[in-house]
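Working notes for the structure below.
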Amino acid sequence: MTAADDFARHPIDPTSQAKLAESGLRYETLDTDDAATFNAWARADLRGFLAAEPSEKQLEGMRASLGYRRTTGVWDDSAPLADEPIATVSSWPADLTLPGGSQLTSWAISSVTVSQARRRRGIARNLLEGELRTAVALGLPLAALTVSESTIYGRFGFGPATFAASFSIDTRRVRWAGPTPGGRVDYVGREKWAEQIGGLFDRVRVARVGEIEGWDGMWPRLAGTVHDEDGDGKKLRAITYTSEAGDLEGAALFKLEGGDHDYASHTLNVEFLRAVSDDAYAALWRFFLEADLVATVKAEQLAIDEPIRWMLGDQRAATVTTSDHQWLRILDTKAVLDARRYSSPGVLGLEIEDALGFAGGSFVLTVDADGVGTAEPVDALPEGSAAVRLRVDALGSLVLGGVSPAALRAAGSLHELSDGAAELAGRVLRVSPEPSPGIWY
Ligand SMILES: CC(C)(COP(=O)(O)OP(=O)(O)OC[C@H]1O[C@@H](n2cnc3c(N)ncnc32)[C@H](O)[C@@H]1OP(=O)(O)O)[C@@H](O)C(=O)NCCC(=O)NCCS
């Protein structure tokens, strides 16, 4: 058993605990088997994300789905709602797919909230730094999260590493230009879909850079088959793609809305789509784009180089916007650099600056002809070597291969210590296809 297996019971970070105690605040992990304590924590979490007051049933569902996580709060015992923490965070080890397909167990962080009544007093800083020290204590080399705002996490050493594209497609302009697979698309019940999607997702996940592990409770929640009191789940439809050989190769979930003034102008929102084959991908998308009574197909969290663009016949049928999605924080530079594979051989010096002191230092990354790399810590970079200097957040952006070192150089986030080093870094680090944005968590 590794330290990470015992993550939920690992002691609270003493440094943040002492700092918060100076302001009279109690910083503790909670026992999620205790429903009353968990529910108070969950109410605070939901309030922080502007959600409505939850019902008892919703809280029960949250505990069943999220109770396995390390669940931490900060309490102000003098507050009127003293049982509700004034700050929340949860975390758990999750595998992230790196270039080359290796799985790196990372510290996933979620539910970061501080009560509106206690903000901008350094509470989130203590939570985040506490989480990073806890991950290090558990032996995990990388922390990961998806963000509500892109302005918060850079200061803690996180950099955006995956990017998401949102597509809005005018289906009246589409002339299908993709393949016509021989398998079949079928409607399936949402319960059945929720049972099947976890296994299918895992097959996609391990083959796609940037995908992070899901959790058991995620699928029924996504399909709206549990704790769906407002009935929104009933708007969802589930489909699958089965190959000619009879294998399940793709699945999607979608919702229809609009059409109020013109029944032929509904919007079809693709809520989730994963496919293990090109055939499944094309067939599911074609199903959406050729749906009757639909004028617009929308989908979010697609990859930057999503193949669907090439299947539309008229690329301008799609309006595409992009944004950062998954942010990574390197905690152990050597462990992370050794874990991934590289696109080209080379020797690259890296001088990493880390204001929080976890991952800084000088490293020489040597990549062999098979794309296997080894990062050796050195006191000083060898004279005359191709080398770059960057902060740890920029290294977090580069590590999955979805960001161009030359762009970071132009933006002033990466400094060349020798001419041409950014281009070399690009050849060594970049991947194709682009990393998947990954799930929301
Ligand atoms: C984001 C949030 C957790 C910050 O909590 P907080 O206790 O006010 O943060 P802190 O006082 O510890 O601030 C730490 C630093 O982050 C900065 N910061 C905090 N929130 C910020 C925001 N929303 N945008 C930009 N900077 C922010 C602070 O200015 C401070 O900067 P400094 O250390 O360089 O001076 C809180 O505003 C919140 O709960 N927001 C709503 C829920 C949410 O969006 N959570 C994030 C989920 S990914």
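The values are calculated or read from the model by the stated rules, or taken from the named source; none is laboratory data. None of the values given here were measured: they were computed from a predicted structure. Cβ placement follows ideal geometry from the backbone for every residue including glycine, while neighbour counts extend to all protein chains displayed. Each accessible area value is taken on the protein alone, full model and side chains, heavy atoms only, with ligands, DNA and RNA left out. Shrake-Rupley method; radii C 1.70, N 1.55, O 1.52, S 1.80 Å.
Amide H of Ala87 versus every other amide H placed in the peptide plane: which residues, excluding those fewer than 5 positions away on the same chain, fall under 5 Å?
Sorted by chain and number, the residues that satisfy this are Val74, Ser115.
Please report, in whole Å, how far the alpha carbons of region 10-149 spread along each principal axis, starting with the longest.
Ordered largest first, region 10-149 gives principal extents of 52, 37, 30 Å.
Are there chymotrypsin sites (Phe, Trp or Tyr not before Pro) in region 35-115 that DSSP puts in a loop and that have at most 10 other Cβ atoms within 10 Å, and which ones?
Sparse-neighbourhood loop chymotrypsin sites (Phe, Trp or Tyr not before Pro): none present.
Which one of Thr105, Gly361, Ala51 is farthest out on the positive end of the charge dipole of the chain, using unit charges on Cβ (Lys, Arg +1; Asp, Glu -1) and the Cα centre as origin?
Ala51
Mean-square fluctuation check for the chain, GNM, Cα pairs under 10 Å: which of Ser102, Ser362, Ser385 is largest?
Ser385
From the P(r) of region 324-401, could you give the percentage of C-alpha pairs in the tail past 22 Å? Don't skip to the end; give the middle numbers.
Numbers: 548 of 3003 pairs.
Counting every Cα pair in region 324-401, those more than 22 Å apart make up 18 percent.
Hey, what does the equivalent ellipsoid look like for region 166-210, semi-axes from the Cα gyration tensor as sqrt of 5 times each eigenvalue, largest first, whole Å?
Values: eigenvalues 130, 61, 37 Å².
Value: 25, 17, 14 Å, ordered largest first.
How much of Arg409 can a 1.4 Å solvent probe reach, expressed as accessible area in Å² and rounded to 10?
It works out to around 80 Å².
Could you order His266, His227, His261 by accessible surface area, starting with the largest, using a probe radius of 1.4 Å?
So the residues, ranked largest to smallest area, are His261, His227, His266.
Under a GNM of the chain (C-alpha, springs under 10 Å), which listed residue has the highest mean-square fluctuation: Ala18, Ala194, Ala143?
Ala18
So, in Å, what gap is there between the alpha-carbon centers of region 146-169 and region 309-323?
Comparing the Cα centres of region 146-169 and region 309-323, I get a distance of 21 Å.
Given the options Gly313, Gly250, Gly198, state which has the largest fluctuation in a GNM of the chain using a 10 Å cut-off (strictly under) for Cα springs.
Judging by the Gaussian network model, the answer is Gly313.
Using a Debye calculation, one point per C-alpha and no hydration shell, please list log10 I(q)/I(0) for the chain at q = 0.06, 0.11, 0.14 Å⁻¹ in order.
Scattering profile of the chain, log10 relative to I(0): -0.29, -0.95, -1.35.
Would you tally the net charge around Leu81, using a Cβ to Cβ cut-off of less than 15 Å, leaving Leu81 out, and scoring K and R as +1, D and E as -1?
Local net charge: -2.
For Thr162, what accessible area in Å² do you get when you roll a 1.4 Å probe over the heavy atoms of the protein chains, rounding to the nearest 10?
Estimated to the nearest 10 Å², Thr162 gives 0 Å².
Report the charge-dipole magnitude of the chain in Debye, nearest 20, computed about the Cα centre from +1 at each Lys and Arg Cβ and -1 at each Asp and Glu Cβ. Could you put the intermediate results ahead of the total?
Numbers: 44 positive and 63 negative charges, 148 e Å.
Value, rounded to 20: 720 debye.
For the pair Tyr263 and Gln196, how long in nm is the line joining their label points, each one 7 Å along Cα→Cβ?
3.0
With a 1.4 Å probe and all protein chains in place, put Glu56, Glu84 in order of accessible area, largest first.
The ranking, largest first, comes out as Glu56, Glu84.
Nearest 20 debye, what's the magnitude of the dipole of region 332-429 about its Cα centre given +1 on Lys and Arg Cβ and -1 on Asp and Glu Cβ? Mind dumping the intermediate values first?
Details: 7 positive and 14 negative charges, 65 e Å.
It works out to roughly 320 debye.
List the relative contact order of the chain as a percent without decimals, with contacts defined as Cα pairs under 8 Å and 6+ residues apart. Each step should come with its number before you reach the end.
On the way: 973 pairs, mean separation 75.4, N = 441.
It comes to 17 percent, rounded to a whole number.
What nm distance separates the two modelled labels at Gln116 and Arg203, each placed 7 Å from Cα along Cα→Cβ?
Result for the modelled spin labels: 4.6 nm.
What whole-number distance in Å separates the alpha-carbon centres of region 194-265 and region 362-406?
38
222 nm [θ] for the chain, helices only, -39500 (n - 2.57) per DSSP H run of 4+, per residue, to 500?
-7500 deg cm²/dmol
Evaluate the relative contact order of region 316-441 (contact order divided by residue number), counting alpha-carbon pairs under 8 angstrom at least 6 apart; express in whole percent.
Working: 236 pairs, mean separation 32.8, N = 126.
The normalised contact order for region 316-441 reaches 26 percent.
What is the Cα coordinate range of region 290-336 on the first, second and third principal axes, sorted by size from largest, in whole angstrom?
52, 19, 16
Measuring from label point to label point, each 7 Å out along Cα→Cβ, what is the Glu28 to Val378 span in nm?
According to this spin-label approximation, the distance is 5.1 nm.
So if I place +1 on the C-beta of Lys and Arg and -1 on the C-beta of Asp and Glu, and nothing else carries charge, what would the dipole magnitude of region 165-324 be about its Cα centre? I want it in debye, nearest 20. Don't skip to the answer; put the middle values down first.
Values: 19 positive and 28 negative charges, 78 e Å.
So the magnitude is around 380 debye.
Which whole-number percent gives the relative contact order of region 1-129, counting Cα pairs below 8 Å spaced six or more residues apart? Provide the component values of the computation, followed by the final result.
Details: 187 pairs, mean separation 31.5, N = 129.
Relative contact order comes out at 24 percent.
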